[in-house]
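Notes follow once the structure below has been shown.
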Amino acid sequence: DYVEQNFKNPAVVEYLVDQIVTAYVKDSGVDHLAEVAPVYSAKVTDPAKKAKFDELCAKWARIAVGQPSPSFKYLDINGKEVSLADLAGKYVYIDTWATWCGPCIQESPAFTALSEKYPDIEFLQISRDEQKEAWESYIAHKNSPLTQYNSVDMELAEGWQLFYIPRFILVDKEQKIIDAYAPRP
């Protein structure tokens, strides 16, 4: 409404709607697409922009509520490869973080506290550190009761549209997505 009321040039309106709605989907996914898609369709006429937007929506639709969880692999501190599929039959709450991320470090005690409150849920802390030594050093001094993992697997980043951290993900017992943007602990 703001764009339409304050800008009369159709090219400017198209540009702004494309930018705003695309940014919204990139940040929030497609859970509210039904509300923004009609606006996008009405104001954006450029076929290239529409195709790019449709591609973005298709990526996000893969991690919408109820969709099968994208698979990915991660390593424990000993280098053993583990997969999310190994946890089928359990609810899984995932914390993606890194040692260099201040907000990630601030969330960690609350995540650990939740794991103690809900022992029937599998709590995964998966570091995105590319420098394994920094992660190992941090873990050695952390004293966390949770098993720590590391993954720079692109399937994790691309499959979950993981563009920033911390990011929390909730998966059900059937490996279906409950929330790809689960609340912070």
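I'd like to check something: does the range 105-119 contain any residue that is of a type in the set (Lys, Arg), in contact with a Lys or Arg (Cβ under 8 Å, 6 or more places away or on another chain) and modelled with pLDDT of 95 or more? Talk me through it step by step, then tell me what you get.
Within the range 105-119, the subset of a type in the set (Lys, Arg) is 117.
Pick out the ones that are also in contact with a Lys or Arg (Cβ under 8 Å, 6 or more places away or on another chain) and you get none.
No, every residue in the range 105-119 fails to be of a type in the set (Lys, Arg), in contact with a Lys or Arg (Cβ under 8 Å, 6 or more places away or on another chain) and modelled with pLDDT of 95 or more.
What pairs can you find where one residue is in the range 64-84 and polar (S, T, N, Q), the other is surrounded by fewer than 17 Cβ atoms within 10 Å (Cβ to Cβ), and their Cβ atoms are less than 6 Å apart, with a gap of 6+ or different chains?
SER71/ALA85; SER83/LYS73
Output the residues belonging to the range 147-179 that are in contact with a Gly (Cβ under 8 Å, 6 or more places away or on another chain) and more than 18 Å from GLY89 (Cα to Cα). Steps first, please.
The initial filter retains those residues of the range 147-179 that are in contact with a Gly (Cβ under 8 Å, 6 or more places away or on another chain), namely 161, 173, 176-177.
Selection gives GLN161 alone.
Six or more apart or on different chains, Cβ under 8 Å: which pairs go from a residue in the range 4-19 that's on the phi < 0 side of the Ramachandran plot to one that's open to solvent by 60 Å² or more (accessible area, probe 1.4 Å) and assigned to a loop (DSSP other than H, G, I, E, B)? Could you list them?
VAL13/PHE7; GLU14/THR45; LEU16/PHE7
Which members of the range 107-147 meet the condition of being under 18 Å from the mean Cα position of the chain (by Cα) and among the polar types (S, T, N, Q)?
Result: SER108, GLN125, SER127.
Output the residue which, of all residues in the range 150-170 that are more than 12 Å from the chain's Cα centre (by Cα) and open to solvent by less than 30 Å² (accessible area, probe 1.4 Å), is farthest from PHE111 (Cα to Cα).
Among those that are more than 12 Å from the chain's Cα centre (by Cα) and open to solvent by less than 30 Å² (accessible area, probe 1.4 Å), it is SER151.
Only one of ASP172, ASP153 is at pLDDT 95 or above, within 24 Å of TRP60 (Cα to Cα) and not aliphatic (A, V, I, L, M). Can you tell me which?
Being at pLDDT 95 or above, within 24 Å of TRP60 (Cα to Cα) and not aliphatic (A, V, I, L, M) holds for just one of ASP172, ASP153, which is ASP172.
Name the strands (runs of 3 or more DSSP E) wholly within the range 46-129 that hold at least 3 residues that are surrounded by 15 or more Cβ atoms within 10 Å (Cβ to Cβ)? Don't jump to the end; show me each part of the working.
Numbers: elements: 73-76, 81-83, 91-97, 121-127.
Qualifying strands (runs of 3 or more DSSP E): 73-76, 91-97, 121-127.
If ALA182 meets every condition in (1) assigned to a helix (DSSP H, G or I); (2) touching a strand residue (DSSP E or B) at 6+ places or on another chain (Cβ under 8 Å); (3) surrounded by fewer than 20 Cβ atoms within 10 Å (Cβ to Cβ) apart from one, which number is that one?
Failing condition for ALA182: (1).
Exactly one of (1) of a type in the set (D, E, K, R); (2) in a helix (DSSP H, G or I); (3) open to solvent by 60 Å² or more (accessible area, probe 1.4 Å) is unmet by ASP31. Its number?
Status for ASP31: all satisfied but (2).
For the range 11-28, what are the residues that are surrounded by 18 or more Cβ atoms within 10 Å (Cβ to Cβ) and under 21 Å from the mean Cα position of the chain (by Cα)?
Within the range 11-28, VAL21, THR22, VAL25 meet the criteria.
Do we have TYR24 as part of a helix (DSSP H, G or I), modelled with pLDDT of 95 or more and of a type outside the set (A, V, I, L, M, F, W, C) here?
Details: part of a helix (DSSP H, G or I): yes; modelled with pLDDT of 95 or more: no; of a type outside the set (A, V, I, L, M, F, W, C): yes.
So TYR24 does not fit the description; no.
The values are calculated or read from the model by the stated rules, or taken from the named source; none is laboratory data. What you see is a predicted model, and the numbers here were worked out from it, not measured in a lab. Glycine also receives a Cβ, built like all others from the backbone with ideal geometry; neighbour counts cover every protein chain displayed. Accessible surface is based on the protein model in full, side chains and every heavy atom, while ligands, DNA and RNA are left aside. Shrake-Rupley method; radii C 1.70, N 1.55, O 1.52, S 1.80 Å.
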